[in-house]
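> I have a structure I would like to understand better, so I am pasting it below and will then ask my questions one at a time.
The values are calculated or read from the model by the stated rules, or taken from the named source; none is laboratory data. All figures in this text were calculated on a predicted structure; none of them were measured in a lab. Note that we place each Cβ from the backbone using ideal geometry, even for glycine, and neighbour counts take in every protein chain shown.
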């Protein structure tokens, strides 16, 4: 995915999409698109690369996705020293939080880029085959769906844009929010279209097949969308999960869980889609924020500290393999309010990204991987009352990390199995930005967060998250509401 075309794509992105960076209603994305339409395959390929670059070029997919899922949940504390990240941990996010504003703007910017590719690709006449034209369209449909899937999980219903905004007319730019159901319907429509256009693979190069949208990626995201939407369709979850599991792409669980995250086995057989950081000028700054001084080479307090609750969850299951791949303890010079109110305390660090490399890490981010889909399939079977099939899927994941198969007590009822699967997903996917969505999807997020038993060691007082139902979704950024009076704030936020 990363190649010489990236330079051209960034120039195009700067030219075409500046308006979207500062809000949806400032100016048209680019009226000049109409006057300078893409004519060659190289040009549209560069524009498509610019859409993929959205995964690497904005804070949300680099780092904030972990904040809004793992830190907002019972998996991690904020760590660090950033008041806006403390808001996320405390589930007390203000409408002026700049990280929320960045997520909104950056993700809509990526959707705008995808819309330009979808509009312009049919008009390209030079240096393109019909096969490649269809693939490009499929990739753009997938990418638009992925970004809308991100938005609807963060905010609930959002405005839907399926074409470039080429007018400054407020009736065009100031769109109201669609409902969450309508957004999911658009996501599913885009993914079903993408699946018809995309190949199973692009050849034998795994660094290409895991970097670009494929049929398997579309099927995986369809399974997730059908599970996460307000009215889940578990039959469709199972159907699309099976399409991933039987894909000619040959997805399978890695033999070693630790190798998934050691930095040397990316683009592996379990990966469906991942962000391809190469290091250096094409590296990620995210790992430097998490890793301990012995690895990062600096001495400041790090962010995204694993919680007591997460560590206890690993220990209660005897899950040393996944714990050791996910968490690293180290003595630190700073004072941590949860793990030791004194210098020299042993503190856990988020460890799935293992190479800081001076703010230019080559550690990849898994956007979609197979174990997530297997456990989602188990969840759907259980929801439909088929405990035996759910048990089979869960045991596949457990046996990979040398845990015993589920007991009769763990499979005694669908209610018990629901908790077993939720815990299995927690241990398997910690620090991969799934926990909050898992709690929401299972209808237990308020209950779980208000039952967390954390003690602030600075005053030995329990931490009261006092979560309310309305805090399932983030607030719509106040800056966006000020620009677009047709946007209604999520209930419960001022």
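Residue-by-condition table, conditions (1) surrounded by 15 or more Cβ atoms within 10 Å (Cβ to Cβ); (2) touching a helix residue (DSSP H, G or I) at 6+ places or on another chain (Cβ under 8 Å); (3) in contact (Cβ under 8 Å) with a residue 24 or more places away in the chain; (4) farther than 23 Å from residue 463 by Cβ:
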{"residue": "80", "(1), (2), (3), (4)": "yes, yes, yes, no"}
{"residue": "86", "(1), (2), (3), (4)": "yes, no, no, no"}
{"residue": "89", "(1), (2), (3), (4)": "yes, yes, no, no"}
{"residue": "105", "(1), (2), (3), (4)": "yes, yes, yes, yes"}
{"residue": "109", "(1), (2), (3), (4)": "yes, yes, yes, yes"}
{"residue": "119", "(1), (2), (3), (4)": "yes, yes, yes, yes"}
{"residue": "134", "(1), (2), (3), (4)": "yes, yes, yes, yes"}
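> Next question. When you scan region 451-464, do you find a residue that is touching a helix residue (DSSP H, G or I) at 6+ places or on another chain (Cβ under 9 Å), part of a helix (DSSP H, G or I), in contact (Cβ under 8 Å) with a residue 40 or more places away in the chain and surrounded by fewer than 20 Cβ atoms within 10 Å (Cβ to Cβ), even just one?
No.
> For region 314-323, indicate whether the set of residues that are within 24 Å of the chain's Cα centre (by Cα) and either at pLDDT below 95 or over 18 Å from residue 398 (Cα atoms) (or both) is non-empty.
no
> If you don't mind, there's one more thing I want to ask. Among the numbered conditions (1) modelled with pLDDT under 95; (2) over 30 Å from residue 428 (Cα atoms); (3) out of contact with any helix residue (DSSP H, G or I) (no Cβ under 6 Å at 6 or more places or on another chain), tell me where residue 43 comes up short.
Residue 43 satisfies every listed condition except (1).
> Could you tell me which residue of region 162-187 is surrounded by the fewest Cβ atoms within 10 Å (Cβ to Cβ), considering only residues that are in contact (Cβ under 8 Å) with a residue 60 or more places away in the chain and not in a loop (DSSP other than H, G, I, E, B)?
170
> Can you find a residue that is part of a loop (DSSP other than H, G, I, E, B) and within 24 Å of residue 320 (Cα to Cα) anywhere in region 433-445?
There is at least one residue in region 433-445 that is part of a loop (DSSP other than H, G, I, E, B) and within 24 Å of residue 320 (Cα to Cα).
> Could you go through region 79-87 and let me know if any residue there is assigned by TED's automatic domain parsing to the domain that holds residue 136 and closer than 16 Å to residue 153 by Cα.
There is no residue in region 79-87 that is assigned by TED's automatic domain parsing to the domain that holds residue 136 and closer than 16 Å to residue 153 by Cα.
> Another question about this same structure. Filter region 199-223 down to the residues that are touching a helix residue (DSSP H, G or I) at 6+ places or on another chain (Cβ under 8 Å) and either surrounded by 24 or more Cβ atoms within 10 Å (Cβ to Cβ) or within 18 Å of residue 238 (Cβ to Cβ) (or both) and list them by number.
The answer is 213, 215, 216, 217, 218, 219, 220, 221, 222, 223.
> With the structure loaded, tell me whether residue 493 is in a loop (DSSP other than H, G, I, E, B), surrounded by 17 or more Cβ atoms within 10 Å (Cβ to Cβ) and either in contact (Cβ under 8 Å) with a residue 12 or more places away in the chain or touching a helix residue (DSSP H, G or I) at 6+ places or on another chain (Cβ under 7 Å) (or both) or whether it fails that test.
Against the criterion (in a loop (DSSP other than H, G, I, E, B), surrounded by 17 or more Cβ atoms within 10 Å (Cβ to Cβ) and either in contact (Cβ under 8 Å) with a residue 12 or more places away in the chain or touching a helix residue (DSSP H, G or I) at 6+ places or on another chain (Cβ under 7 Å) (or both)), residue 493 does not qualify.
> Do we have any residue at all in region 224-244 that's over 18 Å from residue 375 (Cα atoms), in contact with a strand residue (DSSP E or B) (Cβ under 8 Å, 6 or more places away or on another chain) and buried (at least 19 other Cβ atoms within 10 Å of the Cβ)?
no
> Report whether or not residue 190 is over 19 Å from the mean Cα position of the chain (by Cα) and either buried (at least 22 other Cβ atoms within 10 Å of the Cβ) or not in a helix (DSSP H, G or I) (or both).
Against the criterion (over 19 Å from the mean Cα position of the chain (by Cα) and either buried (at least 22 other Cβ atoms within 10 Å of the Cβ) or not in a helix (DSSP H, G or I) (or both)), residue 190 does not qualify.
> Assess whether residue 376 counts as being outside any helix (DSSP H, G or I), over 30 Å from residue 285 (Cα atoms) and either out of contact with any strand residue (DSSP E or B) (no Cβ under 8 Å at 6 or more places or on another chain) or free of Cβ contacts under 8 Å to residues at least 24 places away in the same chain (or both).
no
For every residue, the table says whether it meets (1) modelled with pLDDT under 95; (2) touching a helix residue (DSSP H, G or I) at 6+ places or on another chain (Cβ under 7 Å); (3) buried (at least 17 other Cβ atoms within 10 Å of the Cβ).
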residue: 359; (1), (2), (3): no, yes, no
residue: 371; (1), (2), (3): no, yes, yes
residue: 374; (1), (2), (3): no, yes, yes
residue: 412; (1), (2), (3): no, no, no
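> Next question. Determine which single condition residue 253 fails, assuming it passes every other condition in (1) assigned to a loop (DSSP other than H, G, I, E, B); (2) surrounded by fewer than 17 Cβ atoms within 10 Å (Cβ to Cβ).
Among (1) assigned to a loop (DSSP other than H, G, I, E, B); (2) surrounded by fewer than 17 Cβ atoms within 10 Å (Cβ to Cβ), residue 253 violates only (2).
> Further, regarding this structure: Given the structure, is residue 298 buried (at least 17 other Cβ atoms within 10 Å of the Cβ) and assigned to a loop (DSSP other than H, G, I, E, B)?
Against the criterion (buried (at least 17 other Cβ atoms within 10 Å of the Cβ) and assigned to a loop (DSSP other than H, G, I, E, B)), residue 298 does not qualify.
> Does residue 159 qualify as being under 30 Å from residue 72 (Cα atoms) and either assigned by TED's automatic domain parsing to the domain that holds residue 62 or not in a helix (DSSP H, G or I) (or both)?
The answer is yes for residue 159.
> Here are 379, 424, 428: which of them is closer than 24 Å to residue 291 by Cα, buried (at least 21 other Cβ atoms within 10 Å of the Cβ) and within 20 Å of the chain's Cα centre (by Cα)?
Matching residue, one of 379, 424, 428: 428.
> Where residues in region 224-244 are in a helix (DSSP H, G or I) and out of contact with any helix residue (DSSP H, G or I) (no Cβ under 6 Å at 6 or more places or on another chain), which of them is nearest to residue 136 (Cα to Cα)?
Applying the filter and picking the extreme gives 224.
> While we're looking at this one, here's another question. Does residue 150 satisfy the condition of being surrounded by 15 or more Cβ atoms within 10 Å (Cβ to Cβ), modelled with pLDDT under 95 and within 29 Å of the chain's Cα centre (by Cα)?
no
> Among the numbered criteria (1) farther than 30 Å from residue 275 by Cα; (2) surrounded by 14 or more Cβ atoms within 10 Å (Cβ to Cβ), which one does residue 468 miss?
Checking residue 468 against (1) farther than 30 Å from residue 275 by Cα; (2) surrounded by 14 or more Cβ atoms within 10 Å (Cβ to Cβ), the one that fails is (2).
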